[in-house]
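Trainee: Provided herewith is a single structure, encoded as structure tokens, for subsequent inquiry.
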Amino acid sequence: MRILKCVYLAAMLLLAPITADAVVGEEKSGYDWTPVMDAIIQVESKGNEKAVCGKYVGVLQISPILVKECNNILKSRGSSKRYTLNDRYNGKKSREMFVIIQSQHNPMNNIERAIRLWNGGIRYNVAKTQRYFNKVMSYLR
């Protein structure tokens, strides 16, 4: 996920601005990420909002750098909304952060990219994310 910051600047130059209101919730993003998020949640935490694995916490196992990336995206879009590290323990807010990340780094709403991106970061390696991808896909089928 450290790569997010580096790629973020490049992505900002390439992507058209999207208002924060268009991406803060799965219903408002224009794409329903619910099935993908539900599958990732099963793999990451089995739905446990209090799950902790090192610096990753919550149902979607969100790291501090991802929270920072979400806040940077929101700031660049002119939104005053910000997330805190404690928001990672809130399932609804974790889902909002997922949608924000996808809207910025996966604007074509590609499911495979979404899954691999969530596991391996912006410059994920297909081979290194294959096992994770297969696990998530088993919940989507």
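Trainee: For the range 71-114, which positions are among the β-branched types (Val, Ile, Thr) and under 9 Å from the mean Cα position of the chain (by Cα)?
Mentor: Across the range 71-114, the qualifying residues are Val99, Ile100, Ile101.
Trainee: What's the total number of residues in the range 59-90 that are of a type outside the set (Gly, Ala, Ser), part of a loop (DSSP other than H, G, I, E, B) and surrounded by fewer than 17 Cβ atoms within 10 Å (Cβ to Cβ)?
Mentor: Residues flagged as of a type outside the set (Gly, Ala, Ser), part of a loop (DSSP other than H, G, I, E, B) and surrounded by fewer than 17 Cβ atoms within 10 Å (Cβ to Cβ) within the range 59-90 amount to 4.
Trainee: Here's a check for you: in the range 106-138, which residue that is closer than 17 Å to Lys68 by Cβ and open to solvent by less than 10 Å² (accessible area, probe 1.4 Å) is modelled with the highest pLDDT?
Mentor: Leu117
Trainee: Sticking with this structure for a sec: Of all residues in the range 6-54, how many are of a type in the set (Phe, Trp, Tyr), open to solvent by less than 60 Å² (accessible area, probe 1.4 Å) and at pLDDT 50 or above?
Mentor: Total meeting the criteria: 1.
Trainee: Would you be able to tell me the number of residues in the range 91-119 that are part of a helix (DSSP H, G or I) and without any contact (Cβ under 8 Å) to a residue 12 or more places away in the chain?
Mentor: 3
The values are calculated or read from the model by the stated rules, or taken from the named source; none is laboratory data. All values derive from a computational prediction rather than experimental measurement. A quick note on method: Cβ atoms are made from the backbone with ideal geometry, for glycine too, and the neighbour counts reach across all protein chains shown. These accessible areas exclude ligands, DNA and RNA; they are computed on the full protein's heavy atoms, side chains included. Shrake-Rupley method; radii C 1.70, N 1.55, O 1.52, S 1.80 Å.
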